[in-house]
1. Could you tell me the relative contact order of region A:1-82? Use alpha-carbon pairs under 8 Å, at least six residues apart, and round to a whole percent.
2. If each DSSP helix of 4+ residues adds -39,500 (n - 2.57) and the sum is divided by the residues in chain B, what number results at 222 nm, nearest 500 deg cm²/dmol?
3. Extending each Cα 7 Å along its Cβ direction at residue A:245 and residue A:180, get the distance between those two points in nm, one decimal.
4. Gap in Å between the Cα centre of region B:51-74 and the Cα centre of region A:11-35?
5. Bin all alpha-carbon pair distances of the protein assembly as shown at 10 Å intervals from 0 and give each bin's fraction as a whole percent.
6. Arrange the following residues from fewest to most other Cβ atoms within 10 Å of their Cβ: B:109, B:176, B:114.
7. Counting other C-beta atoms within 10 Å, which of A:222, A:185 has the fewest, and how do the rest follow?
8. May I have the extent of the alpha carbons of chain B along their three principal axes, as whole Å values ordered from largest to smallest?
């Protein structure tokens, strides 16, 4: 068997395995079974790492990016259609996907350019509130999603002014302050519903109502969440493409140069402010569009959804997955959103658990679970 | 070879203070086309400070800097680079987690297209530009070390000190500068390595027409071998200027290095 055929089989096998794992994990309810499945998966991963399989697999993956991406989408579709009539699993999957989009935004800021943002939930919230306010006005809802992103970017351009004047910890404190202010602002603002929040009308695409179930044939009915999951998946795909293209371009190189050494970058003509503003704005845009769709899906939003702790969760997803690593973000978003939903035992201790995991990661694997690779501008091209 | 005597760089009364400390005091110097000038002096005498003021990292408190006939005294670092000044740093400042190619491309910044539309949507044209620049970077690096040129996509952090210096110099040269500032290129290297590096630099100067170099260095062998003239700084003041031989026998210079009285 040739190497390339082997590579392709490995990828297809992995995708199938991933889909099977996700379906089982989401479907089973018994706590002991879930726990056993997780232990099984953990042992499998550790064993293959010890046998040196993970290195070989990751080489196969990097040689066949296109197939990897396509089969991941296919696997995701299998999982989605498996649960086509179950509301709750679909809601969970859509939540994961929207977290992926928002965290990719943070990754653009933090992972690429090194601009910390502890107000991620606030920008997510700007998107939510944009959807809530514009939802009833008859604005086309795809446009509302885009406007959610634009609003987040505009609000971000206010925050960027103090962020550009500070560095490191001080910039972090500025964003924390902004996040807290944002929530307080929502709570005292009566036109935006105050502490009670606002209802959000559902998505409606060219007369296609997202909030009613889809009758396929007499016996098959799709949950209305299918609409949202599919739209969220499309958003993830577009975000992934954008992130990849940015990373594999001169813009990505400039971002890295700004993060790693501002002085050296300035001496080679790199305009620090320009690239910080671009990455901050793009990142907030992504958080905003994710928020807009999220609000439409939930149908109701309140200021308590956008607390500082939610921003921390977004940042910890980025750190857990690996700075600048897109696949890492996808994996970490899945873990952080799904685990507490499935393992009710840890529900109450989730923040404690997150904290412990964060400390362990920073101590033992600071580059994250799936570290970012060196930049290869053109896949498969090595000069 | 007869050089054209065009002035590339001129400091006039350049002064920089840090609080009460005068790091550069009324520093005058002139550099002509293709010249290599050695900047020497004890630690803290203002050598690196003059680089930092010249490249726009620090503002000058007095005096002026003229580069190719333009007054660049208050220009930001980015603009000084655009005008044709490239530098290396005393403690090598490469991006260690990035590949050799990435690091060299940072130096090529002014020739690359950084437009958002170009980078995100015109992938074909972008990839064409990447490949062209790859070829040039590789050609340049081959002059320094052919073996290194085969490792273009390996992280800089895994390389030896001399290789990092070579890459830093390539990063500076890829921008086609008119003036190259080398800040202690021999720091942390053996005599043999220093000699190798110097040969490379001289070879490159032959290739790039009219490239002037200012070299900050403690390694006197290197200064003697490559410089056309030397400037000695002490406590931010120029105490002597001339060919290496004259400078080395100057009494003031010996005092500055060995202590007076």
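Derivation of every value follows stated rules applied to the coordinates shown; laboratory data play no part. Here the structure is a predicted model, which means the values were calculated and not measured. Quick reminder, even Gly has a Cβ in these numbers, built from the backbone with ideal geometry, and neighbours come from all protein chains shown.
1. Taking the mean separation of contacting Cα pairs over the length of region A:1-82, I get 58 percent.
2. One gets -12000 deg cm²/dmol as the mean residue ellipticity at 222 nm.
3. Calculated label separation equals 4.0 nm.
4. Taking the Cα centre of each part, region A:11-35 and region B:51-74 sit 64 Å apart.
5. Taking all Cα pairs of the protein assembly as shown, the binned fractions are 3, 14, 22, 21, 16, 12, 8, 4, 1, 0, 0 percent.
6. Placing the least packed residue first, the sequence is B:176, B:114, B:109.
7. Result, fewest neighbours first: A:185, A:222.
8. 67, 41, 40
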